[in-house]
Amino acid sequence: QVQVVESGGGKVQPGGSLRLSCAASRTISSINVMEWYRQAPGKQRDLVASITSTGGTYYTDSVKGRFTISRDNAKNTVWLQMDSLKLEDTAVYYCTAYLNFHYYWGQGTQVTVSS
């Protein structure tokens, strides 16, 4: 099992930046995939970005070139650097760890992009 805790959310103006952190309760080098999802009010939860244990990354089209996912195995932490934020990026962002065929979810962190 693993627990993940997100932090770093907040309110920012369009064009601004935020960096989200996801801290895991165990070494992440053995976790197959770490992912960031987001859920806007009234919408489904969607995958934003993922990173594998070997460093492979995936981004949904709407964030390509603006968001960067990275991991530090020594710190058991995954980050999501979000630049050039848009109004439509407003959502609750969730971190997940995929381990042994099971997804472990954090409690989420709110990101609000507003002028």
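Nothing in this text is a laboratory measurement; each read-out follows from the coordinates by a stated rule. Since the structure is predicted, the reported quantities are computational estimates derived from the model, not experimental observations. Because the Cβ atoms are built from the backbone with ideal geometry, glycine has one as well, and the counts that use them run over all protein chains shown.
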Could you sort 55-64, 84-93 so that the peptide with the highest average Cβ count within 10 Å comes first and the rest follow in order?
84-93, 55-64
Identify all lysines with a Cα-Cα distance to K11 below 23 Å; exclude those on the same chain that are fewer than 8 residues away in sequence.
K43, K64, K86
Rel. contact order, % - alpha carbon contacts under 8 angstrom, at least six apart, the chain
37 percent
Stretchable slack from T54 to K86, in nm (0.36 nm times residue separation minus alpha-carbon distance)
8.5 nm
In Å, the C-alpha Rg and Dmax of the stretch 20-64 are 12.1, 35
Let's see if you can work this out: charge +1 on each Lys and Arg Cβ, -1 on each Asp and Glu Cβ, no other charges. What is the dipole magnitude of the stretch 60-109 about its Cα centre, in debye to the nearest 20?
120 debye
Length gain on complete extension for the stretch W105 to R66, per 0.36 nm per residue less the alpha carbon to alpha carbon distance?
11.7 nm
Cα centre as origin, Lys/Arg/Asp/Glu Cβ charges: the chain dipole, Debye:
100 debye
